[in-house]
Amino acid sequence: MEVVAMRTRQFIHDPQELLSQGKALVKDNSDIKFAYRVTMVNLLLGGMSAKELAEHCGDGETTLMSWVKKVDENGWDSLRAKKQTGQPRRLTDEQIAKLKENVSSNPNNFGFNVWDGPSLSKHIKDTFDVELGVRACQKLFHKMGFALIRPQTYPSLENPDDEARDAFKKTVRIE
């Protein structure tokens, strides 16, 4: 197959040399995203048009041509995906350990009736001066190994006590 230089790019490096390096990288790499990008650049360097390749691979012509530019100007490693760092954690490991210890104890010791999302949120704000929303606190409960257990409002159906159930029903007004 004859290598045809792309019409829109004046190369800094020899396209034939870049193509041979790209083929070697695809064979020796386990990073699938990187290998995919290298393959797309290899196809472009091999003479396939960006328009035709874009129709078949799902990436836009501009994206494909930007990959060729990156390789030519910065080398093959510029196609590797950058690590996404994400938002930093609001609580340290030590704070979470202290929080787990607090939640394991009686909530009355901290001025709450039960440990739930709103009470944990307030406790974190008061103790560590960190604001976490109720939903984030619910997720934190799960992360710390706690599960939501709702109290029953009447005698259990599993252990029926008809007298206690009837007494309970009389105390509840249905409107």
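Numbers at a glance
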| item | result |
| --- | --- |
| Members of the stretch 135-149 found to be of a type in the set (A, V, I, L, M) and open to solvent by 100 Å² or more (accessible area, probe 1.4 Å), listed by number | Leu148, Ile149 |
| Count of residues meeting criterion [touching a residue at least 40 places away in the same chain (Cβ under 8 Å) and charged (D, E, K, R)] in the stretch 22-44 | 3 |
| The stretch 25-35 - residue that is in a helix (DSSP H, G or I) and of a type outside the set (A, V, I, L, M, F, W, C) and, of those, surrounded by the most Cβ atoms within 10 Å (Cβ to Cβ) | Lys33 |
| Hits in the stretch 64-89 (condition: touching a helix residue (DSSP H, G or I) at 6+ places or on another chain (Cβ under 8 Å) and over 22 Å from Ala24 (Cβ atoms)) | Met65 |
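The values are calculated or read from the model by the stated rules, or taken from the named source; none is laboratory data. Bear in mind that the values here come from a model prediction, so they are computed numbers and not experimental data. Methodologically, a virtual Cβ is constructed for each residue, glycine included, from the backbone with ideal geometry; neighbour enumeration extends over all protein chains shown. Only protein heavy atoms, including side chains, enter the accessible area calculation; ligands, DNA and RNA are left aside. Shrake-Rupley method; radii C 1.70, N 1.55, O 1.52, S 1.80 Å.
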